[in-house]
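See structure below.
The values are calculated or read from the model by the stated rules, or taken from the named source; none is laboratory data. Because the structure is predicted, anything quoted here is derived from the model rather than measured. In this analysis, Cβ positions are derived from the backbone assuming ideal geometry, glycine residues included, and neighbour counts consider all displayed protein chains. Areas reflect the complete protein model, heavy atoms only, side chains present, ligands, DNA and RNA absent. Shrake-Rupley method; radii C 1.70, N 1.55, O 1.52, S 1.80 Å.
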Amino acid sequence: MNSKKKKSKRILLVEPKKSKNYHTQYPPLGLLKLSAYHKQLGDTVKFVKGFEDDNFEPDKIYITSLFTYAWEAVHEVIKYYLQKYKKAEIIVGGIYATLCEAHLREAFKDRIIIHKGLVNEVENILPDYSLVPNWSASIIFSSRGCIRKCPFCAVSKLEPEFCAKDSIKHLVYPNHKKIILWDNNILASPSWEKIFKELEELNLEVDFNQGLDARLVTPRVVERLLKLKIPIIRLAYDTHIIREPLKKAIDLLKSAGFRGRNIVVYCLYNNPFEKDTPESFLERLRDLIDWGVVSYPMRYEPLEPRPKNTFVAPNWTPELLEMVAKARRVLGYGGAFPPYKGLRMKFFNAKSFEEAFFLREPKKNIIYISK
Ligand code: SF4
């Protein structure tokens, strides 16, 4: 035997335990890539959600993290594994670890390694989806970063440099039924057309999950989109600045045959960086209803670790924010506002934000929305 042969390692991959805050419908992509990477090296890999209770005795433990408000679940698993496997190296990565290094360092000092940003070695590797056998979609980044630097967005901190792949075929897992692109701004990629061509050839359902940049939607883009199996087109209307390009993009999409009810537009509110007021938010919602598309309100959450839904931007109050949340539950559909006739009347007839979002008391709280 070759005495120089590298000893295989035992690798434990940990996704924090799901909770009300630590919740995602997606598998932990970074861990799946690390699994593929370590298996290629001949290491033994185990993936757990939360707390592992047999005695795997890992050499190395990778713990992932989600949004900054979901930090508590991450701390819980770190504490557990620090205690359980005192000799293992613990590496914590993901969004919270990248954005809140000091918070993590203060809690765990030098007992953990904090990995910020991407793991370059695994960026181009096919994730090990065998760890999540019930999952049937390939999640792919054909590009990282974004060409824009919107002040309310974490992308410039998470992925500071914009870089793009010119092919994604090798990242599609056999037998998967769908491709989910997590690009922040795929249309900014110099290879977007080549990627679209590959998606067309793959003939799988496609979801541009993070939305398309309306400013980059051209007739050529729409022509290529028409060739894809794409049930929902996602766009964003975060500030009034993009009103005109957004309207133009929606017009292009609709005149090409995309149904307004299949165009979902994310609408940021409670945004402290722009002149976002309840009234300006209502104006954006009215625009979207007027243009016949679905609006999806997104409440701004700051990048620092604090409980979800506790940040209140200067022009908002907790009561006004609660009015939006309630209206989404009562008037909306899955949290979105489709361009229903009844909703249109309610939003357009109202003289103020308060009136638009006012809901009658529960006893009489029967609101009919004509569809
Ligand atoms: S365009 Fe979108 S992804 Fe890019 S910086 Fe702005 S909000 Fe972030």
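Numerical summary
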{"read-out": "Residue in region 160-171 that is within 10 Å of the ligand (Cβ to nearest atom) and either surrounded by 16 or more Cβ atoms within 10 Å (Cβ to Cβ) or among the aromatic types (Phe, Trp, Tyr) (or both) present", "value": "yes"}
{"read-out": "Region 131-149, subset at pLDDT 95 or above and touching a Ser or Thr at 6+ places or on another chain (Cβ under 8 Å), residue nearest to ALA214 (Cα to Cα)", "value": "CYS146"}
{"read-out": "Single match in LYS178, LYS227 (criterion: out of contact with any strand residue (DSSP E or B) (no Cβ under 7 Å at 6 or more places or on another chain), more than 16 Å from the ligand (Cβ to nearest atom) and either closer than 18 Å to SER136 by Cα or open to solvent by 10 Å² or more (accessible area, probe 1.4 Å) (or both))", "value": "LYS227"}
{"read-out": "Only one of THR310, THR317 that is β-branched (Val, Ile, Thr), under 23 Å from the mean Cα position of the chain (by Cα), at negative phi and in the same structural domain as TRP291 (by TED's automatic domain parsing)", "value": "THR310"}
{"read-out": "The one condition in (1) within 16 Å of the ligand (Cβ to nearest atom); (2) surrounded by 21 or more Cβ atoms within 10 Å (Cβ to Cβ); (3) of a type in the set (Val, Ile, Thr) that ILE242 fails to fulfil", "value": "(2)"}
{"read-out": "Pairs where the first residue, in region 330-341, is in contact (Cβ under 8 Å) with a residue 60 or more places away in the chain and the second is among the β-branched types (Val, Ile, Thr), C-beta under 6 Å, 6+ apart", "value": "ALA336/VAL294; PRO338/VAL294; PRO339/ILE289"}
{"read-out": "Near pairs, Cβ below 6 angstrom, 6+ apart or cross-chain, from region 207-218 (closer than 16 Å to TRP182 by Cα) to any residue that is outside any loop (DSSP other than H, G, I, E, B) and near the ligand (Cβ under 8 Å from one of its atoms)", "value": "GLY211/ALA236"}
{"read-out": "Flag if TYR62 is free of Cβ contacts under 8 Å to residues at least 60 places away in the same chain, over 22 Å from GLU121 (Cβ atoms) and buried (at least 21 other Cβ atoms within 10 Å of the Cβ)", "value": "no"}
{"read-out": "Residue count, region 19-50 (criterion: touching a Lys or Arg at 6+ places or on another chain (Cβ under 7 Å) and either part of a loop (DSSP other than H, G, I, E, B) or open to solvent by 50 Å² or more (accessible area, probe 1.4 Å) (or both))", "value": "5"}
{"read-out": "Members of region 316-334 that are open to solvent by less than 80 Å² (accessible area, probe 1.4 Å) and modelled with pLDDT under 95", "value": "VAL330, LEU331, GLY332, GLY334"}
{"read-out": "Residue in region 251-258 that is within 16 Å of the ligand (Cβ to nearest atom) and surrounded by fewer than 21 Cβ atoms within 10 Å (Cβ to Cβ) present", "value": "no"}
{"read-out": "Some residue of region 125-144 being among the small types (Gly, Ala, Ser) and in contact with an Asp or Glu (Cβ under 7 Å, 6 or more places away or on another chain)", "value": "yes"}
{"read-out": "Count of residues meeting criterion [touching a Phe, Trp or Tyr at 6+ places or on another chain (Cβ under 9 Å) and either assigned to a strand (DSSP E or B) or over 16 Å from LEU225 (Cα atoms) (or both)] in region 175-202", "value": "5"}
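To keep it simple, each residue is scored yes or no on (1) assigned to a loop (DSSP other than H, G, I, E, B); (2) within 16 Å of the ligand (Cβ to nearest atom); (3) under 15 Å from ALA36 (Cβ atoms); (4) more than 22 Å from the chain's Cα centre (by Cα).
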site	(1), (2), (3), (4)
THR98	no, yes, no, no
ARG105	no, no, no, yes
LYS109	no, no, no, yes
LYS116	yes, no, no, no
GLU121	no, no, yes, yes
PRO127	yes, no, yes, no
ASN134	yes, no, no, no
SER138	no, no, yes, no
ILE147	yes, yes, no, no
